[in-house]
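Contents: one structure, followed by commentary.
The values are calculated or read from the model by the stated rules, or taken from the named source; none is laboratory data. As the structure is a prediction and not an experimental result, all values here were calculated from the model. Note: ideal-geometry Cβ built from the backbone for every residue, glycine included; neighbour counts use all protein chains shown.
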Amino acid sequence: MKNVIVFLDMSKMDEIVLKQVKQLEGVWGFDKICLAHYIELQELTDDFSSQFPDLDKPLEEILEDEIVEKATQAGWGAEDYSVKIHNKGGKDDLTNWVNTSAYNLCVFGKKVINPGSGIFASKIARLIDKSILFTTETSRPHFDNVMLCVDFSTYSKKAVKFLNHFIPDSSSNFSLFHVYKVPAIYFPFVKQKSEELVEEERKKAVKALDHFRERYTKQPQSNAWVEYANDQPSDKVIYNYARTHHVDLIVVGIKGKSDDDDLLIGSVAEKLIQPDRSIPVLLVQ
């Protein structure tokens, strides 16, 4: 099943996200879509009218009407989605609802042209155990050029399994990408990272990535690329490569091989979703 929750913040960004998800639905094919909005008030009460005495109907209904209007403008039919206004229990109740639901993908809009705080999406991303797509104002909704970052961890295997399921065979076109480094164990004995040593590690990386592709993907002929990190952090190598190769979507496991089990989001994933990164990112749980 391909069940999606699209989080809306009642800003102009919603219009962009809805249009993108609508177009993406035509490519990936979603079974169930929920348009959700979270109300966070300093003091939640059961009677919203006491906090908004000038409203002619409950706040939940006003917000739902606005979401329906935005969805209609984006080309959605009433039968295409459901609406969820979450107004009780705080973030813990919200994340519990998401985590226990049948939805397996959450979509958040990330403002990069007119940046917002991004605090809500960032917090929720650390609490939910579903895969998360961060899309931007400049995202191409078809995601024709998808790059899956592989570090050969369990999460890399989960990520390729997710793509095999979500991207239909007729349009599957994702490439594998691996960042390799010269192991630190060599540094005390090698004053400089010789070209021979770098080339040796490159060959190992190519072989490992080819093996991963043949074993785990449905497309053994897809592109597989390796890039030497040198002294750069992996996230910077990934992002720069994606920019220069016109990648539409970066896919990465929510944690990597070197991340601690207690971490909710790994260091590479964390940096790829920063507000100054404009390429959409899919974090696979």
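Every residue, every condition in (1) under 22 Å from Pro275 (Cβ atoms); (2) assigned to a strand (DSSP E or B), yes or no:
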residue: Ile132; (1), (2): yes, yes
residue: Pro141; (1), (2): yes, no
residue: Asp144; (1), (2): no, no
residue: Met147; (1), (2): yes, yes
residue: Ser156; (1), (2): no, no
residue: Ala159; (1), (2): no, no
residue: Phe162; (1), (2): no, no
residue: His165; (1), (2): no, no
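Among residues of the range 178-213 being surrounded by fewer than 11 Cβ atoms within 10 Å (Cβ to Cβ) and of a type in the set (A, V, I, L, M, F, W, C), the one that is modelled with the highest pLDDT is Ala184. For the range 23-33, the set of residues classified as modelled with pLDDT of 90 or more, under 17 Å from the mean Cα position of the chain (by Cα) and more than 15 Å from Val98 (Cβ to Cβ) consists of Phe30 only. Do we have any residue at all in the range 216-239 that's surrounded by 11 or more Cβ atoms within 10 Å (Cβ to Cβ), over 18 Å from the mean Cα position of the chain (by Cα), within 24 Å of Lys130 (Cα to Cα) and at pLDDT 80 or above? Yes. Just so you know, in the range 1-13 the residues that are out of contact with any His (no Cβ under 9 Å at 6 or more places or on another chain) and either part of a helix (DSSP H, G or I) or without any contact (Cβ under 8 Å) to a residue 60 or more places away in the chain (or both) include one that is farthest from Gly109 (Cα to Cα), and it is Lys12. Evaluate the following for Val107: is it of a type outside the set (D, E, K, R) and touching a Lys or Arg at 6+ places or on another chain (Cβ under 8 Å)? Judged against the criteria, Val107 is not a match.
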